[in-house]
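Written below as structure tokens is the structure these notes are about.
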Amino acid sequence: MLFDSLLAPKYLGWLLDGFVVTVVLSALTCASATALGFVLCLGRIARSPFWSLPVRFFLSLFRNTPLLVQLFFWYFGAAALMPESVLHWLNQPHHWRLPLFGVTWPPFEYVAGFFGLTLYTAAFIAEEFRAGVQGVPPGQARAALALGLRRYQVWLSVIMPQAVRISLPPLLGQYMNAVKNSSLTMAIGLAELSYASRQVETETFKTFQAFGIATLLYIGLIVLIELAGQWIQHRQPAH
Amino acid sequence: MNKLRIGFLLVLTLLAGLAHADRLDDIKKAGVLRIAAFDSNPPFGFIDPTTKQTVGLDVDYGKAFADKLGVKLEILSTNPANRIPLLTSNKVDLVLANFTITDERAKQVNFSIPYFASGQQFIAKKGVLKSPDQLNSLRIGVDKGTTNEIVLREKYPSATLVAYDDTPFAFTALRNGNVQAITQDGPKLIGLLANVPDKENYEIPPFSISDDLIGVGIPKGETALTEFVNETLRELEANGQAQKIYDAWFGPHTKTPLARIYKIGDKS
Amino acid sequence: MNLDVITDHLDYFLVGAYPHGPLGGAALTLILSVLSALVSGVLGFILGIALAVTRGFAQTSLLLVLSFFRAIPVIMLIFWTYFMLPIVFGINVPGIATVVIALSLIGGAYLAHSVYAGIRSLRQGQWQAAAALGLRPWQVLRYVILPQALPIMTPSFINQWVALIKDTSLAYVIGVGELSFVATQVSNREMVYPTEIFLFVALLYYAICSTLEFFANRVARRYQQAT
């Protein structure tokens, strides 16, 4: 009953669809969370408390509450706070024709899932960046300033390259977390891989196959990120 | 000689016990009947706000089984998707959670004779959903792991389905406008709507897309336990207890008055 | 905003149905967290030290097992332990134990690497010098290596434990009555207050996690000053 057969092609297709959603969602999350995390990091290390205090609060709030609760809040709770018109717009299908391709506004669970994952991931990435910046010895900045470089030049050509190199391994760790965390969006109806495995299980009762294939796909994706990380680090000039 | 005979008998009973080791005996031995019931679906299974205990129609049936066995009742909360895994992984002895009997499921678990009947219906904001033909063009909230989802996908392949962990989640999504209708068994929807503060904004359109019979889920191959459950259900109907349970949750003086269209034994 | 929905159910959020039923809510979240923190800490130490003292095939296989637990989403591991272990191996793991096992395995796998990194960050000469003084390997570990490596590891332990507290919320998928589960239960019953309920629950988690962070950082700072 358990191991008797593999899944029918139809159900393998469902799992693959879910996997594609997981990959796209994680990739978009990582990209936007990296950008947002960078901005947050700048705010966090700013000298003026006008910038650093709110950012500190944001970071501690988003890092110290469960993603599941945050997703529930964005999907079920925040919707109730929005003005009727905004909510209505969000829930309507929208389609824009651009010169090369069309853009379709996704259903609300995708918007809420992406938004929630991005904020959560960005809060962690910001701290990894900060650790990277702090990992650069302060003497270097002073030396560069003494050589007559301007502040932005010091940042751009002295601190940033080193900070990025320091924070790359933990950054990849956060990308892996983003992939794994995307599984929680199943709770708000986003049809990613875990959701698909549950659907397949419901229809076929092949619990072992459904969870097994999903688990393998997750692990495969994580291994890919790991390999990509090693490749990038090998390419970096040694010093 | 006597000792030998006792020893022999002991071995025999042990062997017999092994051969017949079945769930019904285990339950009696343990003194506990473990059932899975809903915790968010009035009036089938929900947490009473004052006592904080799980109560409801399904729970009352569970109590009747436990009472007849003379054992304690232990209730595990479940959502729709966890019902079959809970049985196959041996976490519970019975599932009493508005469990629709289907041939596919019957390959995985045993079912009792039906003790409730219902049909798959919908809730939508007033005026949105008038006929089943519209379903193909709507976004519809369903519960993960229900027959509702499978039936809807088969009969209305163009409908967009969004699956949630439990019916109230789906309803919140409906309320927020993320889906345009949600589907579940009629009586469950009536129970849900009865507890909504602004129920006048919603309606249950008067059509159903399937006829469902609800049974008790029992682990596969547990013949003695299935027999016991069936026998008890028939008894409950014969002595009027089943009617009492029904009236307590769907009777004319409840929040969810609903005529009883099905009696245990009408179908098998 | 309707805060009555919070105050009316405050005891349910905090302790579940207790004392008329099993302990649940935030109290259960705390218990799950403490248990998983302890088990994952012990696992992390044992496996991290194992990584440091093994070589070759043994180390590679251990690394592979650890990467499995670092790669699998928590929600998947919880499904596996809860539903698949009984079917495949005939072991019945109750809900609360499932969560503790799953979180400890994942937390332990991460901590093992931190412990390993902490031990490796010390110069090889320390081992040799201590061995030259006639200390046995485990004595070197106990008296020379770990006291120096601990302050290096502390931040990872704090981060991992905060992650554990947050991950207990996933017990929700198998119906364990911890804080997130009772919150969805109340939200499901009251229907129209998801905003208030999930905000309140987020604040409760925030209080728990940041309290841990605050005290752990203080302890760590004192510890670092002492050494």
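Just so it is clear, none of the values below were taken in a lab; they were calculated from the coordinates. Because the structure is predicted, anything quoted here is derived from the model rather than measured. No Cβ is skipped: glycine too gets one built from the backbone with ideal geometry, and neighbour counts run over all protein chains shown.
Suppose every K and R has +1 on its Cβ and every D and E has -1 on its Cβ; what is the size of the dipole of chain A about the Cα centre, in Debye to the nearest 20?
Computed charge dipole of chain A: roughly 1140 debye.
Could you tell me which helices of chain B pass both thresholds, a Cα extent of 24 Å or more along their own axis and a mean Kyte-Doolittle hydropathy of at least 0.0, with helices taken as whole DSSP H runs?
B:2-20
Count, for each residue of C:174-181, the Cβ atoms from other chains sitting within 10 Å of its Cβ, then give me the mean as a whole number.
Counting Cβ atoms of other protein chains within 10 Å of each residue's Cβ and averaging gives 4.
Putting +1 on Lys and Arg Cβ atoms and -1 on Asp and Glu Cβ atoms, find which of C:VAL176, C:ALA132, C:LEU28 reaches farthest to the positive end of the dipole of the stretch C:4-226.
C:ALA132
Output ³J(HN,Hα) for the stretch A:170-181: one whole-Hz value per residue in order, computed from phi by the Karplus curve 6.51 cos²θ - 1.76 cosθ + 1.60 with θ = phi - 60°, and x for Gly and Pro.
x, 5, 4, x, 5, 5, 4, 4, 4, 4, 5, 5
Taking every alpha carbon pair in the stretch A:100-209, what does the distance histogram look like in 5 angstrom bins from 0, in percent?
Bins of 5 Å from zero give 2, 10, 14, 12, 12, 11, 10, 9, 6, 5, 3, 2, 1, 1 percent of pairs.
How much of the DSSP beta bridge set in the protein assembly as shown is antiparallel, as a percent to the nearest 5?
60
With unit charges on the beta carbons (Lys and Arg positive, Asp and Glu negative) and the dipole taken about the Cα centre of chain A, which residue among A:LEU149, A:THR121, A:LEU59 sits farthest to the positive side?
It is A:LEU149, whose Cα lies furthest towards the positive end.
Can you run phi through the Karplus equation (6.51, -1.76, 1.60; θ = phi - 60°) for the stretch B:205-214 and list ³J(HN,Hα) in whole Hz, with x for Gly and Pro?
Values, residue by residue: x, x, 9, 10, 10, 7, 10, 10, 10, 9 Hz.
Principal axis extents for the stretch C:116-204, Cα atoms only, whole Å, descending order, please.
Its Cα atoms span 71, 21, 15 Å along the three principal axes.
Please identify, among C:TYR206, C:TYR110, C:TYR172, the residue showing maximal mean-square fluctuation in a Gaussian network model of chain C using a 10 angstrom Cα cutoff.
C:TYR206
About the Cα centre of the stretch C:4-226, how large is the charge dipole given +1 on each Lys and Arg Cβ and -1 on each Asp and Glu Cβ? Please answer in debye to the nearest 20.
Dipole size: approximately 1360 debye.
In terms of modelled amide H atoms, which long-range or inter-chain residues lie less than 5 Å from the amide H of B:GLY119?
Answer set, sorted by chain and number: B:GLY186, B:ASP212.
Comparing A:VAL86, A:VAL21, A:VAL69, which has the greatest mean-square fluctuation in the GNM of chain A with Cα pairs linked when under 10 Å apart?
Highest fluctuation among the options: A:VAL86.
Send over the semi-axes of chain C's equivalent ellipsoid, whole angstrom and largest first, taken as the square roots of 5 times the C-alpha gyration tensor eigenvalues.
39, 22, 13
Let me know the volume per residue of the alpha-carbon convex hull for the protein assembly as shown, in Å³.
230
With the dipole of the protein assembly as shown worked out from charges on the C-beta (+1 for Lys and Arg, -1 for Asp and Glu) around the Cα centre, which of C:VAL65, C:LEU150, B:GLY265 lies farthest toward the positive end?
Farthest towards the positive pole: C:LEU150.
Would you tell me the mean number of C-beta atoms belonging to other protein chains that fall within 10 Å of each C-beta in B:174-181, as a whole number?
Mean inter-chain Cβ contacts per residue within 10 Å come to 6.
Note down the magnitude of the dipole of the protein assembly as shown about its Cα centre, charges +1 on Lys and Arg C-beta and -1 on Asp and Glu C-beta and zero elsewhere, to the nearest 20 debye.
In debye, rounded to 20, the protein assembly as shown gives about 2920.
Name the most mobile residue of B:PRO132, B:PRO49, B:PRO80, meaning the one with the largest mean-square fluctuation, in a Gaussian network model of chain B with Cα contacts below 10 Å.
Answer for the Gaussian network model of chain B: B:PRO49.
Helix A:9-45 versus the longest principal axis of chain A: what angle, 0 to 90°, nearest 10, using Cα atoms?
On a 0 to 90 degree scale, this one is about 20.
Cα axis of helix C:146-167 to longest principal axis of chain C: angle in degrees, 0 to 90, nearest 10?
The two axes meet at around 20 degrees.
Let me see the P(r) profile for the stretch A:6-134: every Cα-Cα distance counted, bins of 5 Å, each bin given as a percent of all pairs.
Histogram of Cα-Cα distances, whole percents per bin: 2, 10, 13, 16, 17, 16, 12, 8, 4, 1, 1, 0, 0.
Using only the Cα atoms, work out Rg/Rh for chain B, with Rh taken as the Kirkwood radius, to two decimals.
1.05
Sorted from largest down, give the three principal axis spans of the alpha carbons of chain A, whole angstrom values.
Dimensions of chain A along the principal axes of its Cα atoms: 72, 48, 43 Å.
Can you run phi through the Karplus equation (6.51, -1.76, 1.60; θ = phi - 60°) for the stretch C:70-75 and list ³J(HN,Hα) in whole Hz, with x for Gly and Pro?
7, 9, 7, x, 3, 4
Going through the cross-link list B:LYS52/B:LYS220; A:LYS206/B:LYS72; B:LYS125/B:LYS199; B:LYS126/B:LYS188; B:LYS29/B:LYS68, which pairs have a Cα-Cα distance over 21 Å in this structure?
Check vs 21 Å cut-off fails for B:LYS52/B:LYS220; A:LYS206/B:LYS72.
To the nearest 10 degrees, how steeply does helix A:49-63 sit against the main Cα axis of chain A, on a 0 to 90 scale?
Between helix and principal axis, roughly 30 degrees.
Ignoring everything except DSSP H segments at least 4 long, calculate the 222 nm mean residue ellipticity for chain B; use -39,500 (n - 2.57) per segment, divide by total residues, nearest 500.
On the way: 10 runs with 103 residues, N = 268.
Estimated from H runs of four or more residues: -11500 deg cm²/dmol.
Quick one: compute a quarter of the convex hull surface over the Cα atoms of the stretch B:118-211 and quote it in nm². Write down the numbers at each step before the final one.
Details: hull surface 20.6 nm².
About 5.2 nm², averaged over all directions.
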